[in-house]
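Before any comments, here is the structure.
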Amino acid sequence: MTSNLPSEQFIKRFSLLALWPVVLLTPLVPFPAPSLLLGHPWKPELFLALLLLAVITSFFIKAKGEFSFAEIKPVTIAMAAFIIWSGTSIFWAVSPNSVLHHTFVWAVYLVFFALLSNSLLDRRFFQNSVYVLGVIALIISINCVIEYVLRENIDSTFGFRYGRFSEVWAALIPLFFAFTLRSKGLTMALAMAVTLLLWLAVLFSTSRTSLAAAVGGIGIFIVSFLLTRQGRTQFKKLALVGGMLLILGIVTQLPIFTAQNDSKGTTFDRIATTPETDPGNSLGQNIRILFANVGVEMLRQNPLVGVGADNFGVEFNKYRAALSAKSDNATLVTGNEDAIPERAHNEYLQVAVELGIVGAIIFAVFLIAVFWLGAKSLKDSINVYKLAAVAGIAAFLFSSLFSSFSFRLVQNGVVFFFLTALLTTKRLAKPLANKSFLAVAIVACICLALFSSLKAASQYMTYRGEASKEIAASLADLAKAEKFDNANAAVNYVAASKLFNDTRYGEAASHFQAAIDKGIGTTATYSYLISAHSLNGDDQSALNSAATAVKKFPYSPFLLTRYYVLLEKTGKSDEAETYFARAQKIDARQAETWKIFITEGARLAAEAGRKGVGIPLMADLYPQDGLYAMLAERQILHPEERYTLLGQ
């Protein structure tokens, strides 16, 4: 990789940009958070925006603002069109805040990609970037490996934390594989260590999608490299590294890693999961199928323009209700009552759902432009790093078919655009005076930095409001949090809980409804809303909320029984029996236990279970959050029932 500009000038222009891999570490930086952390991520966005601002400022001061992106124009034009269309969706989206987040993130992606494309031709910059990336990759992957090996069991917390990185690891393995082949001595040993640890981290993350993506990426890289003359001359080293990856892949899936605890499954264990062993996480009955079908329903009703950028999660329950109205979808929509959907787990579907056919076409043009420029670059000159970039991009794009992360998480998106810049940049034309572009870039970075700062402030004030024991101080903090970020559903949920406990049921109901409208539309949240209306003496609002909830979750024995009890209470016995009959048809034992629990209390429900009526253990009630929601109401109406359910 060579440059036709003096290296010293490159150092002045782009030295700070080589720190971009630090963005991968930012999600692990501790920051005060409430117990329910929702909303848009902000740490990676804030770091990247500030870093690019520093780079652009340095560029203006030291290099007189000369900048060129002539060679990547097809990609930049497609990205600009995608950004404009994303921003335009603010006019029809339910959540304008989400539209702004999506638009600002993609605008900064464009800035990042353009800056990288003007710097990666310098060998020292490329090496510095990869060195920093290698250190970051080592830190995160070692954490994953150590925690997996030493942790007694693997729960959802572990899976979520490292699952977010597994997509990036899969995309980066070919790059460090390539570095191993091209290096010698200590550098080669370090590159090999990073390659192997990234592979181990993918295996230990237990992400099925990322494992498939990693295997595919490694396979593409090995085959494509063997087809080159250089690949045939380095066959032994290629076979050594490839063999080590294969051996590690086999050994880590042996029972030795799970023998001491059955809950620590391997990735292949998860692949072999069946509906009988884990109904919600088998390949045949995964929640992604529900997300996909709801997404298709959204697209069917909004084919041209979609529901608005980043609005999938906010609109999910509305279209779940439409899907649930068709009896053929009963099996599909049953369960998943406690899930808070944020993304579709399929980037391509989500783009189409949120931005319609227009947005999908623009996104397809963007990907075609990447492939076209990549092909031109490979035709101009083939080297091992470009082949690694091809393999990494392929792994990333495959993962995006099933991933909840993809471009939605900035720490993932920057890796894609780094690999894309590495692939598509073939030469640097004569620098042009593009101060206008840099000025726009500054505005984009400032917008994302300010937006992310408000998110951070809202998160902190929500944390303070939740932690505060004094109701007035708590509500004051939560009011500030909502001003900083009115899309933060956690603010309303915490405020509702505080008001509910303070017996201010009318105000609590307003906040529970706001939390539902902003995305916390679980059956338990609806139950709290119904309780707040009932305790406030507003039976009609309670009935209306219950009716709405049942439309969205028509196969929930919990909500159907809850509605049945409300109808009985208001003298609508005939209608009530219809809903309880539906609950019994779905799951008679759950329905019977919920009926006893809601009308007579937890103790009698537990006793009935032990006598063979309903379910045997209260811990088996579904959803568990619904149990605590009903317990809260019962203990207000019947203070004598205050006790713990532990041991029941």
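Just a few scattered comments:
- Checking region 207-222 against the condition returns no match, with no residue being part of a helix (DSSP H, G or I), without any contact (Cβ under 8 Å) to a residue 40 or more places away in the chain and farther than 30 Å from PHE402 by Cβ.
- In this structure, ALA456 does not satisfy being modelled with pLDDT of 95 or more and closer than 16 Å to LEU110 by Cβ.
- Of the criteria (1) of a type outside the set (Ser, Thr, Tyr); (2) closer than 28 Å to ALA107 by Cα; (3) open to solvent by 10 Å² or more (accessible area, probe 1.4 Å), which one ALA322 fails: (2)
- Residue in region 629-647 that is in a helix (DSSP H, G or I), within 36 Å of the chain's Cα centre (by Cα) and among the small types (Gly, Ala, Ser) present: yes
- Of residues in region 481-520 being more than 19 Å from VAL99 (Cβ to Cβ) and in contact with a Gly (Cβ under 8 Å, 6 or more places away or on another chain), the one surrounded by the most Cβ atoms within 10 Å (Cβ to Cβ): VAL491
- Of everything in region 586-615 that is part of a helix (DSSP H, G or I), open to solvent by 60 Å² or more (accessible area, probe 1.4 Å) and of a type in the set (Val, Ile, Thr), the residue that is farthest from ALA632 (Cα to Cα) is ILE586.
- Residue list for region 546-583, filter: over 20 Å from ALA524 (Cβ atoms), touching a residue at least 12 places away in the same chain (Cβ under 8 Å) and in a loop (DSSP other than H, G, I, E, B): THR570
- Flag for TYR528 being under 24 Å from LEU454 (Cβ atoms), open to solvent by 10 Å² or more (accessible area, probe 1.4 Å) and assigned to a helix (DSSP H, G or I): no
- Flag for ALA78 being within 28 Å of ALA360 (Cα to Cα), at pLDDT 95 or above and not in a helix (DSSP H, G or I): no
- Checking each residue in region 92-135 for being over 22 Å from PHE451 (Cα atoms), among the aliphatic types (A, V, I, L, M) and open to solvent by 10 Å² or more (accessible area, probe 1.4 Å) picks out LEU121, VAL132, VAL135.
- Any hit, region 188-205, residues being in a helix (DSSP H, G or I) and over 24 Å from VAL22 (Cα atoms): no
- Of all residues in region 236-268 being of a type in the set (Gly, Ala, Ser) and modelled with pLDDT of 55 or more, the one that is farthest from the chain's Cα centre (by Cα): ALA239
- Qualifying position, being more than 20 Å from the chain's Cα centre (by Cα), of a type in the set (A, V, I, L, M) and open to solvent by 20 Å² or more (accessible area, probe 1.4 Å), among ALA364, ALA421, ALA369, ALA391: ALA364
The values are calculated or read from the model by the stated rules, or taken from the named source; none is laboratory data. Please read all numbers here as calculations on a predicted model, not as lab measurements. Cβ: placed from backbone, ideal geometry, glycine included. Neighbour counts: every protein chain shown. Heavy atoms of the whole protein, side chains included, go into the accessibility calculation; ligands, DNA and RNA do not. Shrake-Rupley method; radii C 1.70, N 1.55, O 1.52, S 1.80 Å.
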